[in-house]
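Step one of this worksheet: look at the structure below.
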Amino acid sequence: MRTEPAQDAYCDKEKAHPTAVKLMVEDFFWSPSDEAAPFGSDEGYESYYSWKEWRQSNPTSPLTDCFKWILGSDYGAYNADLASNAQVAKDVANPYEAPFSDGWDMFTLDVTIMATALSQLLDEGKIDEDAKPFVLVATKRQASPMLDQMIFPKEVLAATERVVAAA
């Protein structure tokens, strides 16, 4: 089994870690153009290559350190409270306001968290345990009934949760 990070495994089963291929059985995980998939948007693409750049400079750091790099001073605010219906409704009504001060909208931030965690799986065959709750916040927010229009189908979110739990 490969121990070094995969080279450009983005949406490529041939280059991805075997564990990622085993767990990510749905075709949408491998689509670079399906906007309703973790890697199919510009955000998903950017997340993978930002992850690779970050990992090169931080070869032994935990994934949560990458999330700290992404979230900055808002790291502590990205928690289960964000997935409440009341908070999601507030975020939808005011997409660029608190709790995130760096101008993140809810979709961009959530897909970045999901795709970054899945990037670790693509390259290293795992997702650090302490990073998994972040992905759960993202999937729960995106599945909220408070969203007028779901960007991610429920099947994509459920599969993402399954993959992350098993990784």
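The values are calculated or read from the model by the stated rules, or taken from the named source; none is laboratory data. Please read these numbers as outputs of a predicted model, since none were measured by experiment. As a convention, Cβ positions derive from the backbone with ideal geometry for all residues, glycine included, and neighbour counts pool all protein chains shown. The accessibility values were calculated without ligands, DNA or RNA, using every heavy atom of the protein model including side chains. Shrake-Rupley method; radii C 1.70, N 1.55, O 1.52, S 1.80 Å.
Using the structure shown, decide if residue 82 is open to solvent by less than 10 Å² (accessible area, probe 1.4 Å) and modelled with pLDDT under 90. Yes; evaluated as a whole, the condition is true for this residue.
Elements of the type helices (runs of 4 or more DSSP H) sitting completely within segment 1-84 and holding at least 3 residues that are touching a Phe, Trp or Tyr at 6+ places or on another chain (Cβ under 6 Å): these cover 63-71.
For segment 102-111, filtering for residues that are outside any loop (DSSP other than H, G, I, E, B) and either in contact with a Gly (Cβ under 8 Å, 6 or more places away or on another chain) or farther than 17 Å from residue 71 by Cα (or both) leaves 1. Looking only at segment 127-153, residues that are free of Cβ contacts under 8 Å to residues at least 24 places away in the same chain, surrounded by fewer than 16 Cβ atoms within 10 Å (Cβ to Cβ) and in a loop (DSSP other than H, G, I, E, B) come to 2 in all. Applying the condition of being surrounded by fewer than 16 Cβ atoms within 10 Å (Cβ to Cβ) and touching a residue at least 12 places away in the same chain (Cβ under 8 Å) to segment 47-63 and asking which residue is farthest from residue 8 (Cα to Cα) yields 62. Filter segment 107-126 for residues that are open to solvent by less than 30 Å² (accessible area, probe 1.4 Å) and of a type in the set (Asp, Glu); which is farthest from residue 24 (Cα to Cα)? The selected residue is 110. From the residues in segment 17-41 that are modelled with pLDDT of 95 or more and aliphatic (A, V, I, L, M), which one is most open to solvent (accessible area, probe 1.4 Å)? Only one residue tops the list, namely 25. Among the residues of segment 142-167, the one identified as under 25 Å from residue 74 (Cβ atoms), charged (D, E, K, R) and more than 12 Å from the chain's Cα centre (by Cα) is 148.
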